[in-house]
Structures are given as C-alpha cells and as structure tokens.
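The values are calculated or read from the model by the stated rules, or taken from the named source; none is laboratory data. As the structure is a prediction and not an experimental result, all values here were calculated from the model. Please note: Cβ atoms are built from the backbone with ideal geometry, for glycine as well, and neighbour counts cover all protein chains shown.
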Amino acid sequence: MIAGESLNHAVVRSSTTDGGLRGALLLLGLLLAACDDSRPTGASESEVGQAGSAAPATSEAAHPTTVEPVSEPPTGVVPTATGGTPSGALGAIHAIERYGAKDSARIVVALSQPVSYELGELPAADGKGPRLFIDLPGVSWDGPVKLPVGGIVNQIRTGEREGGTRLVLDLNRAVRKRIFYLPEPFRLVLDISSETGTSDTRRNPREISRVVLDPGHGGHDPGAIGASGLQEKDVALDVAQRAAPLIARELGISTLLTRDYDDYVALDERVAKANAFGADLFISIHCNASPSPDSHGVMTFVLDSAPDGIAEQVAARENHGSASAAKHFAHAMREVMDTDSVQTSVRFAKLLQRASLASLQPNYTSVVDGGVRRAGFYVLAGAHMPAVLFEASFISHPAEEQRLDSTEYRQRLADALVNAIRAYRAGAEG
C-alpha cells in the first residue's frame, strides 16, 4: 500500500518481514563534505538586516540522519569547472532554496558564477541561539531579508557585508555542517544535521529500516527518449512503484519515493528528501542512452572520480551539464570523501549489478554487464547514506527500448532491486 505524504513523495510502510534470498546489495555512506566546519570571522550578526518580507520556504519531511563533524574552515576561492578561479567580477544570487526538517536541512544557493565564500558560526549568546553564516564577497542579493525554513533552521536572514552578502542561519540547536558546490549552474550546497543521534559512520552497516527510491527525471524533464517515443521518466517511475511495495511487504523496510507522480523534482531536493527521511539507502533509478544505437547493458554508478569517458558522458546527461563539469566535480568530491565510504559504495554497486543480471539474463540472454562505474553525479552529492545511480538498460538501443516498454522486464528490474537489498541485509559481499 502506498500512502501519499507531503512534498509529492510517497512512503510505503513496512508490514511483514519475510522472504527468501533472491540476489544482492550493499553500500554504506557516500558521506560527502566538500568543505567543513569553520571558525567565525568575528563579525556580529547585527550586520545583517532584521526586517523584510518573508518568502515561502521549501518544505521537507522529518526523521533525517546525522553527519560527522569536520574541523577545518572552508574559506577561499571555489574553482570553476575548467579549474580556473573567478575573475573578481561581481556575481549575484539567483535563488536560495530551503529544505528544512526536524533534524536536518539543506540550503542551496544558486549563483550567477563561481565565487569565493566563507562558512562560519556564531555561538549562542545573549538569549539567542547558535547561528551559521556564509559570506559571499562581491555578490549581490535582491531578494527578501528574511526567509523562513522550519525544523532545525528557524530562518535565514540576509544582508550586505563589506561589498558582498552575508547569509545568517538562525538555528534552534547546535549542528554539524557540510558545504560543497555543484557546477553548471553554479550552486553552493550547505547540509546541516543535528549533533544528537547516531552518525553515519557508526551505524551498523547491515541495518536497513528505511530506503529511498528516486525515479529519475519527471514532469517537464522526460529524460532520454527512445526511437519509438518511450520516455525514461515513465520507466523509472514504474520500476520504483513496482519495487516499493515489495520492499515493504517482503523485507519489512519502509520505503519512500522522491516522486510518486509525473512531476519534476530538482536534483538538489532528491537527496535532501532522503536525508530528512533518515534513509539507510538511496537508489536513483534511470535508463541509459547513447548516440550509438549499439550501446546496451546494465550499469550501476557511484559518486567518485575515474578516467572513464563513458561514465562522464552518462553523468553529464543526468546532470544536464557537460562532461568536463562532471569530471571536475567528481575530482573535487574525491578529495573530501572518505575512502572507506567509497569502497563500501562500490561493493554495494557490485551486488546490485549481480542481482540485476541474475534477474534479467535467464529470459534475456543478450543482457550484458556494463559494470560498476564512477562519475560525478550531482543527484548523489551530500547523501548521508549509501547512494548509487542505477542505469537499468539503454533506452536508445532498439531491443532494450522494447524490453523497457514491457511489464515483465520492468518487474524483473524491480525484483532485482528487492533482491539486492535483501542480499545486503543478509551480509552478502560484492
């Protein structure tokens, strides 16, 4: 049974917890922190305006996980996608998206160009709670002075500071924080979580109580389109909707869909939903595509860097950006991601590949193993849990498009997801 909830997603609640071992899955923590905790610059919050109109906040579900703290201040210049630095020209904030939850939040600052920034904190004092700030020298903001958020972040206040803009986040308690950036278009992403609770790295890696399935694309974004007109967004949603009740019924695992209808969900918002849900696993479901109609097979991706031109092209398509931006982003993330977390993700991806081939090949002998690949997928950035992107088959391949249009093939893909999760929980290795 799928019960609709807020934020246009659905949660399938677990019921029974039985079922025999079908296949494979494992992965633990692409816990990403492109930058880290910061020291205050000594500026007072009084430098930020106190009045102004409020804009509606972007909402988020509750029950997120926690993030490990980091210690070095993230100050300096953010490199561009080509490895250069900003020219010093004035930039502008286009939007400030807010995804607030009880114990976590994600703030996304969309900018006109790569910029310098500094993240810092102001401790609780004089009856005021703790605050975080982001200083953006040479950057303007013409929007509201106050932006409500909700949950762990009460509001964001904005104001001018030394020829730039300061964003101040009013918190209701002490938090852990991570900041990183996404190129094309350039965005700063600040992830916040409560300091209480069990951290990702200390959680039992075999324990799964919540899973998030992320059907790619949706709404005005059809994803890849096959020669006969089959759209990636429709296949991804159908596979997710088939898998979710099986995961709940057979495995006893509550499952959330980032979208349960044909609507658009921004890449930044998808992992924010998973973090707020407190997911133990995040699987983004897609169909692959290639300019060559001969390309076919099943692939699974993790967020990491590797000299793989094919993976970079796939990431560029899913990111709606360039291959060079995907490559640069992957390298930047590689510098800050924990090696053990990456390797755990790779092990899970191998199990998901194995489960997929075991489900498909008995009836479709031509299905090939495209392997586990690494690339800079924006949708996986900032996940507090194991996160992979699954390319089910090539919608650009005539035979595979025909298969993807069939209920039997889609059901076998859904079965593979269930089998993989079951195998992971049973302790299988990749």
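Structure values in brief
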quantity	calculated
Residues that are buried (at least 20 other Cβ atoms within 10 Å of the Cβ) and over 23 Å from Ser406 (Cα atoms), drawn from region 220-248	Ala248
Residue in region 80-92 that is out of contact with any Lys or Arg (no Cβ under 7 Å at 6 or more places or on another chain), modelled with pLDDT of 90 or more, buried (at least 16 other Cβ atoms within 10 Å of the Cβ) and in the same structural domain as Glu184 (by TED's automatic domain parsing) present	yes
Failed condition for Pro293, given (1) within 13 Å of the chain's Cα centre (by Cα); (2) surrounded by fewer than 24 Cβ atoms within 10 Å (Cβ to Cβ)	(1)
Subset tally (residues that are under 26 Å from the mean Cα position of the chain (by Cα) and either over 24 Å from Ser116 (Cβ atoms) or surrounded by 23 or more Cβ atoms within 10 Å (Cβ to Cβ) (or both)) for region 138-157	10
Pairs, first touching a residue at least 24 places away in the same chain (Cβ under 8 Å) in region 218-234, second of a type in the set (Val, Ile, Thr) and buried (at least 18 other Cβ atoms within 10 Å of the Cβ), C-beta under 7 Å, six or more apart	Gly218/Val265; Ala224/Ile395; Gly226/Ile395; Leu230/Ile395; Glu232/Ile395
The lone exception for Gly129 - which of (1) surrounded by fewer than 19 Cβ atoms within 10 Å (Cβ to Cβ); (2) within 28 Å of the chain's Cα centre (by Cα) it fails	(2)
Residue match in region 378-387 (condition: buried (at least 16 other Cβ atoms within 10 Å of the Cβ) and assigned to a strand (DSSP E or B))	yes
Scan of region 338-375 for residues that are of a type in the set (D, E, K, R) and in a helix (DSSP H, G or I), ordered by number	Asp340, Arg347, Lys350, Arg354
Pairs where the first residue, in region 410-422, is under 16 Å from Gln241 (Cβ atoms) and the second is of a type in the set (Ser, Thr, Tyr), C-beta under 6 Å, 6+ apart	Arg412/Ser359; Asp415/Ser359; Ala416/Ser356; Ala416/Ser359
Residue count, region 347-377 (criterion: within 17 Å of Gly427 (Cβ to Cβ), at pLDDT 95 or above and crowded, with 24+ Cβ neighbours inside 10 Å)	2
His328, sole failed condition from (1) touching a helix residue (DSSP H, G or I) at 6+ places or on another chain (Cβ under 7 Å); (2) closer than 29 Å to Ala266 by Cβ; (3) in contact (Cβ under 8 Å) with a residue 12 or more places away in the chain	(1)
Test: residue in region 222-233 that is within 20 Å of the chain's Cα centre (by Cα) and closer than 21 Å to Met385 by Cβ	no
Hey, Asn319 within 13 Å of Phe377 (Cβ to Cβ), not hydrophobic (A, V, I, L, M, F, W, C) and not assigned by TED's automatic domain parsing to the domain that holds Pro114 or not	yes
Only one of Glu408, Glu400 that is crowded, with 24+ Cβ neighbours inside 10 Å, over 21 Å from the mean Cα position of the chain (by Cα) and assigned to a helix (DSSP H, G or I)	Glu400
All positions within region 298-324 that are within 22 Å of Pro222 (Cβ to Cβ), of a type in the set (Gly, Ala, Ser), touching a residue at least 60 places away in the same chain (Cβ under 8 Å) and buried (at least 19 other Cβ atoms within 10 Å of the Cβ)	Ala315, Gly321
Residue in region 354-371 that is within 30 Å of Ala105 (Cβ to Cβ), in the same structural domain as Gln313 (by TED's automatic domain parsing) and among the hydrophobic types (A, V, I, L, M, F, W, C) present	no
Sole residue being modelled with pLDDT of 85 or more, in the same structural domain as Ala276 (by TED's automatic domain parsing) and either buried (at least 19 other Cβ atoms within 10 Å of the Cβ) or closer than 23 Å to Gly138 by Cβ (or both), chosen from Ile179, Ile208	Ile208
Tally of residues being touching a residue at least 40 places away in the same chain (Cβ under 8 Å) and among the hydroxyl-bearing types (Ser, Thr, Tyr) across region 377-409	4
Flag if Ala387 is closer than 25 Å to Ser305 by Cα and either under 19 Å from the mean Cα position of the chain (by Cα) or modelled with pLDDT under 95 (or both)	yes
Test: Met333 is in a helix (DSSP H, G or I), over 18 Å from His286 (Cα atoms) and assigned by TED's automatic domain parsing to the domain that holds Ile283	yes
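One line per residue, one yes/no per condition, for (1) in contact with a strand residue (DSSP E or B) (Cβ under 8 Å, 6 or more places away or on another chain); (2) closer than 24 Å to Pro291 by Cβ:
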position: Ser322; (1), (2): no, yes
position: Thr344; (1), (2): no, no
position: Gly382; (1), (2): yes, no
position: Thr407; (1), (2): no, no
position: Arg422; (1), (2): no, no
